[in-house]
Amino acid sequence: TIHRALEQGVTVLDTGDYYGMGHNELLIREAIRGKREQVRLSVKFGALRDHTGNYTGVDTRPAAIRNFLAYSLVRLGVDEIDFYYPGRVDPAVPIEETMGALEQLVKEGKVRWVGLSEAGAQTLERAHAAYPLSALQLEYSLFTREIEDEVLPAARRLGIGIQAYGAFS
């Protein structure tokens, strides 16, 4: 499926290190072998799961981010991830601390661009002030348009791209 998508011009593959408990990254590794220059990898991190796959929280402490990235780089078989961002904002860690850790990974050449997922307008502004964001991923569809009130205007004002997904219930 991924090979066919690349043949049809898909250029971004979006995943999370917690999708399939890392198994999704292993599938992507096989699919992009020899094709890395054709694709941008977008990876979310930070969601915590138990052994049955149930969500148990989020962790965006700098040491945890570095750990999550190390595993993703190995599973994906790459030296750099294009877009890297927390899957959720961690209420226990100041967003500025999270952004500082991500900035360091950019400086080390392990991450190209930084983003956020599922963040509100105020968090987006604080994060962007700490380190420039390239993208914000969130649900945006004909059925979910709440971002148009505050989040979308803030992203536009700050020059942050939207990576929308649509969930259907």
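Estimate the FRET efficiency between LEU27 and GLN122 by the formula 1/(1 + (r/R0)^6), using the beta-carbon distance for r and 45 Å for R0, to the nearest 0.05.
Once the sixth-power term is evaluated, E becomes 0.80.
Using a/c under 1.5 as the rounded threshold, could you call region 108-169 rounded, prolate or oblate? The axes a ≥ b ≥ c are square roots of the C-alpha gyration tensor eigenvalues, and prolate needs a/b larger than b/c, oblate otherwise. Judged from the Cα gyration tensor, region 108-169 comes out oblate (a/c at least 1.5, b/c at or above a/b). With Rg and Dmax of the Cα atoms in Å as the read-out, I listed [x] 15.6, 43; [y] 24.7, 73; [z] 19.5, 62; which label goes with the value calculated from this structure? It is the value labelled [x]. Shape summary of region 1-90, radius of gyration then Dmax from alpha carbon positions: 13.2, 38 Å. Counted over region 41-122 with a bin width of 10 Å, the fraction of Cα pairs per bin, in whole percents, is 18, 55, 25, 2. Extension gain, ALA5-GLU37: 0.36 nm per intervening residue step, less the Cα-Cα distance, totals 10.1 nm. Estimated from the Cβ-Cβ distance and a Förster radius of 30 angstrom, the FRET efficiency linking ASN67 and ASP14 is about 0.90. Taking amide hydrogens as placed 1.01 Å from N in the peptide plane, the amide H of ILE81 sits under 5 Å from those of VAL111, ARG112, each at least 5 positions away in sequence or on another chain.
Annotation: peptides 36-44, 151-159, 80-88, ranked by per-residue average of other Cβ atoms within 10 Å with the highest first, follow the order 80-88, 36-44, 151-159. Taken along the Cα-to-beta-carbon direction at a fixed 7 Å, the label points for GLN104 and PHE143 span 4.1 nm.
Helical content of the chain, expressed as a calculated mean residue ellipticity at 222 nm, amounts to -11000 deg cm²/dmol (DSSP H runs of 4 or more residues, -39,500 (n - 2.57) each, divided by residue number, nearest 500).
What net charge do the residues around ARG29 carry, taking every other residue with its C-beta under 12 Å from that of ARG29, with Lys and Arg at +1 and Asp and Glu at -1? Overall, the nearby charge balance is +2.
Carbon and sulfur atoms: what percent of the 1.4 Å accessible area of the chain do they account for?
So the carbon and sulfur contribution to the accessible surface is 52 percent.
Accessible surface area normalised per residue over the chain is 53 Å², counting heavy atoms of protein chains with a 1.4 Å rolling probe. Along region 41-49 the Karplus relation, 6.51 cos²θ - 1.76 cosθ + 1.60 evaluated at θ = phi - 60°, assigns HN-Hα couplings of 9, 10, 10, 9, 9, x, 6, 9, 9 Hz to successive residues, with x for each Gly and Pro.
The values are calculated or read from the model by the stated rules, or taken from the named source; none is laboratory data. For clarity, every value in this text was computed on a predicted model and none was experimentally measured. Neighbour counts are summed over all protein chains in view; Cβ atoms, including those assigned to glycine, are modelled from backbone coordinates with ideal geometry. Just the protein is used for accessible areas: all its heavy atoms, side chains included, with ligands, DNA and RNA removed. Shrake-Rupley method; radii C 1.70, N 1.55, O 1.52, S 1.80 Å.
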